[in-house]
Amino acid sequence: MATASSSKSKMEEDEVEDECAEEEEELERFDDFTIASSWERFISEIEAVCRQWLADGPKNLLEKGAVSLTSPMNLYKVKSVLKYSKKSYCLEYYFEINSDGKILDWNDVLHDLQLSFGVKEFLVIAPLSSSGVVLDAPEATKLLSSVAIALSNCESRWPALVPVHDPSRKAYIGIQNMGTVLTRRFEADLIGSQVPIRLMHLEGLYDLFVSKFAFCSVDLSTGSFMVDFTMKLTYRTPPSDDEDDIHGGDIEMKESGEDSEIGSHIRAHWDDDCPWAEWYSSEDPVKGYELITIWLNKMVESSSMMAELENASTHEADNWFLIPILAPSLDDGHKGNAVGFASQLRLLVNALDVSFMGQFIEDFVSVEKLGPDNLKSSTTVPPPTVLDRVLKDLFHEGLHIPDYSKGEHKSSRTIKGAPLESLFSQFCLHSLWFGDCNIRAVAILWIEFVREVRWCWEESVLIPRMRTDVGIDLSTCLIHQKLQMLAECIQKKRRSDRVDNTVESSYNSSACSEEGNQVGRQQTQVQVSTEQFVVKSDSPLRPDGQYGSGTTKKNPGTGPDDDLASADLSPSDKLRKGSAGVVGSMMLLNSYQRMHAPYTQDAPIMTEDMHEERLRAVEALGNTFSFSGQLEKDILSSDMSAFKAANPDAVFEDFIRWHSPGDWETAEFEDQRSGGYEMEGQRVDWPPRGRLSTRMSEHGNLWRRIWNDVPALPASEQKPLLDPNREGEKILHYLETIRPHQLLQQMLCTAFRASADTLNQTSFGDLKQMKTKMGQLYMTIASTVKPLQANDLLDKGEIIDDLRRLSTVFEHVEKLLILAASLHCKLSHAQRLPRAIFDDYFNFYVPRMGTGLAGHKEMKNFEVKQRVRIHERHAVENLFKHPTANQSWRKVLSMGNLLNGHEPVLREIVFSRHDNVSGDHYGAGSPRASNQKIETHRMYICGTSNDLRVALSVTSSD
């Protein structure tokens, strides 16, 4: 039973299959005469492509590889190549992903065809040829008809456009099915020259639009129409390098004595007041500004109203927008010859890379010794006149007292270089611009630099740009420390020479009187001590911290009353040497005499390599004293000798009371004080009470041993703790024999620090992002150049690569800072605007830093505009300087809408008219269609003083 039923169903299925096969055979034999011709097949292919695009939708088209347009970024396109009559055509579909339904908004960046015809999505069909336009009118009409039929079959309302005429005219014709009996037609063309004068003015443009009305319920003869009007005017600041304003180039060539007249004609550069102007002149990163003024929708009913709008003030515009025009050099991928600190630092890194090839600086002076030919070709040096000018600037114009804190960032000292205003720092900055900063130029400049330093030493001339009132700064580079110490040595030599001259003159003058000989010697000795040494007051015991002024002595055993009468006659005064004055009311323990403070030697100054050398010597000798303890022992011996000379009757305890009062204990003797005496108006406690501390009273105490061993010598007769002649020659030997790579390493540390400190002086307003970036730059420099502090680099290749990357980072920050300075300089009276523009550019630029976005498909140019507030308009208006008389007479103004005498570089206008639909046409008299309004006429006009482009769209039922 089951078998019979299954057989029956199988037979039925076979019959159905046979019937289907017969139907397919009949369809194959059917001839579709709608695509019999090539034109019909062309329409069918267009229809198939359009149906596929409609079915996919924008999101699927995007996934299938739709191309994003750079501007506007929200617009995409897909294309398909079609063939017809031995020709190939490209059909392109432009669409948006997120469409808000608005047709025109001046604030948006729209495609040219969107703006011209007020459409959002559209088709463009054009031949695949070099021109990309259809030159034959019948062919253009046929193409437009083909697309229109295909879109009608698809029930699509996409506008279709065909480019026609010459490509420079940007002419189009087009059509759009409105879904009813109405059809919208498009036409655009350009007048490239000899624009009629009337069409240069708003009144004539209004009449042009009105003349296009074909179907209207209003009588054309009345000449009054309610028209929607909106306008966008673009102004551009005049170029700063206008040739009519520059006369300095010719005048500078004239050898005239009228300097004031010449100076009045030479125009100042934009960055003359910026800190980097001393070293280079930067291209202004802001080439100018574009100001966009927008008049929103207005109802205009006559040409006279248009004439009033043309003469209206720009301040009456509804919106102002400001767009900076940035220089191409700001682009990260720009391959120009930008000159700045970063470019020169990169050259100095190259010089360091080459410096390892030589043992001495002199090896790089001769071209023959440089080795490879490619190295020889890049070692040009400036002429001797340039060298002389650099040395003059360093040594003869730098005699002012430098301010080492100038331009210093809070993180500057983390970089082991020289301060900005110091001699070596200025040398490094000059070397960046000396020639092309190659190793040979650096070597020549350094040799001459050291010769000048030696001349200063031999002639006892103060080294310029070096301070002698501060100690050795061990946080700086070694060369700067050496120059600091050399300046101190020269200062000591000058003092010694002055003293010798004074002594000689004093002896010559005293030879005339035998009676005054002894007094002359004594005064001379005191003068020698006073000029050559500094009073040391480690522990002033008076409440005011000052020493006494008298010199009162007393023989042992005399009373206070006798002391006042015979102080100057005590035998001790004849032996006292090197006294700087009495120490308050302090008295010596074993004699009724005032304690005198001695003149002492300054502690010897040392550079970091001297500290290291002394430490190594102490460790090698196995001395029990540490490095600092050995140094203190020498100083302590000198102080004790001077104290003994100034206080012949003093004992060890007296020295402790003066030098280390913490080791003299008096607390237990406070209740045992006697009444004391009056001496020179001061209360004097006698005898002094107290005792040595446990540390000082121990058996074999080192201080007591030193006291017992040292002689009584004033500081003027002691061996100097620092021999200026010996140390000065050692410093010059170091400078003359320094290894090339060690010089370049210190130069790089200092050059990076000095360049950053120079830029840090720039005034750029309250830009927090720029301040943060500068702080990050200092930390990056400090960490990158830290390996350069070593004498021998372990991995030279890696360090050189890191330094080159650091130069690139420096270049980015330098670009941002110069931009910030330019914005602040021009818009300082509208502080919000430069801050807003810089913030937008910072967010645009920072993600691209170092990425080299060649061919990047996102926004390549910075095109963000800032809305100008009402109170900021005056500051923006000042960017547009009134034209000079020379500029005005040759410029024929023809467009109106002037801003400080400048006409707009571009004027864009949209006229439109809306009517109600009425029957087959449109009009205002049909009550049943009064709720439906359509845009019947629209005209987009874009013009300058030299050309005029007009795009017209008309809706009709014909």
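The values are calculated or read from the model by the stated rules, or taken from the named source; none is laboratory data. Note that the structure is a prediction, hence the values are computed from the model and not measured. A quick note on method: Cβ atoms are made from the backbone with ideal geometry, for glycine too, and the neighbour counts reach across all protein chains shown. The area values use the complete protein model at the heavy-atom level, side chains included, leaving out ligands, DNA and RNA. Shrake-Rupley method; radii C 1.70, N 1.55, O 1.52, S 1.80 Å.
Table for the structure above
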{"item": "Selection status of ARG804, in the same structural domain as GLN481 (by the TED database), buried (at least 16 other Cβ atoms within 10 Å of the Cβ) and among the charged types (D, E, K, R)", "result": "no"}
{"item": "Helices (runs of 4 or more DSSP H) fully within region 831-941 counting 1 or more residues that are aliphatic (A, V, I, L, M) and at pLDDT 90 or above", "result": "832-845, 873-877"}
{"item": "Complete set of residues in region 273-311 that are more than 47 Å from the chain's Cα centre (by Cα) and either on the phi > 0 side of the Ramachandran plot or not hydroxyl-bearing (Ser, Thr, Tyr) (or both)", "result": "MET299, VAL300, GLU301, MET305, MET306, ALA307"}
{"item": "Qualifying residue in region 174-195 (condition: in contact with a strand residue (DSSP E or B) (Cβ under 8 Å, 6 or more places away or on another chain), assigned to a helix (DSSP H, G or I) and either more than 21 Å from HIS937 (Cβ to Cβ) or outside the structural domain of LYS79 (by the TED database) (or both))", "result": "no"}
{"item": "Filtered residues of region 747-776 (kept if free of Cβ contacts under 8 Å to residues at least 12 places away in the same chain and buried (at least 20 other Cβ atoms within 10 Å of the Cβ))", "result": "none"}
{"item": "Flag if LYS493 is at pLDDT below 90 and touching a helix residue (DSSP H, G or I) at 6+ places or on another chain (Cβ under 6 Å)", "result": "yes"}
{"item": "Long-range neighbours under 6 Å by Cβ, at least six apart or interchain, first residue farther than 16 Å from GLU362 by Cα and in contact (Cβ under 8 Å) with a residue 60 or more places away in the chain within region 725-746, second among the basic types (Lys, Arg) and surrounded by 19 or more Cβ atoms within 10 Å (Cβ to Cβ)", "result": "ILE731/LYS482"}
{"item": "Any hit, region 338-361, residues being modelled with pLDDT under 90 and touching a Lys or Arg at 6+ places or on another chain (Cβ under 7 Å)", "result": "no"}
{"item": "Pick from region 154-178, criterion open to solvent by 20 Å² or more (accessible area, probe 1.4 Å) and within 14 Å of LEU135 (Cβ to Cβ), ranking: nearest to the chain's Cα centre (by Cα)", "result": "SER168"}
{"item": "Output for region 50-65, where each listed residue is touching a helix residue (DSSP H, G or I) at 6+ places or on another chain (Cβ under 8 Å) and closer than 12 Å to ILE97 by Cα", "result": "LEU61"}
{"item": "Yes/no for LEU445 being in the same structural domain as LEU483 (by the TED database) and either within 23 Å of the chain's Cα centre (by Cα) or open to solvent by 10 Å² or more (accessible area, probe 1.4 Å) (or both)", "result": "no"}
{"item": "Qualifying residue in region 179-189 (condition: farther than 22 Å from GLU935 by Cβ, touching a Leu at 6+ places or on another chain (Cβ under 8 Å) and either open to solvent by 70 Å² or more (accessible area, probe 1.4 Å) or modelled with pLDDT under 95 (or both))", "result": "no"}
{"item": "Residue in region 132-147 that is surrounded by fewer than 18 Cβ atoms within 10 Å (Cβ to Cβ), in contact with a Pro (Cβ under 8 Å, 6 or more places away or on another chain) and assigned to a loop (DSSP other than H, G, I, E, B) present", "result": "yes"}
{"item": "Residues of region 697-734 satisfying the condition of being of a type in the set (Val, Ile, Thr) and open to solvent by 40 Å² or more (accessible area, probe 1.4 Å)", "result": "none"}
{"item": "Region 378-407, residues that are touching a helix residue (DSSP H, G or I) at 6+ places or on another chain (Cβ under 6 Å), assigned to a loop (DSSP other than H, G, I, E, B) and either at positive phi or open to solvent by 10 Å² or more (accessible area, probe 1.4 Å) (or both)", "result": "VAL381, GLY407"}
{"item": "Count - residues of region 66-85 that are at positive phi and under 40 Å from the mean Cα position of the chain (by Cα)", "result": "0"}
{"item": "Region 306-324 residues that are under 25 Å from ASN861 (Cβ atoms), paired with ones that are open to solvent by less than 30 Å² (accessible area, probe 1.4 Å) and acidic (Asp, Glu) (beta carbon under 9 Å, 6 or more apart)", "result": "TRP320/GLU872; LEU322/GLU872"}
{"item": "Residue ID - modelled with the lowest pLDDT, chosen from residues in region 668-696 that are more than 21 Å from VAL582 (Cβ to Cβ) and surrounded by 11 or more Cβ atoms within 10 Å (Cβ to Cβ)", "result": "PHE669"}
{"item": "Failed item, numbered, when MET779 is tested on (1) open to solvent by 50 Å² or more (accessible area, probe 1.4 Å); (2) closer than 30 Å to LYS492 by Cβ", "result": "(2)"}
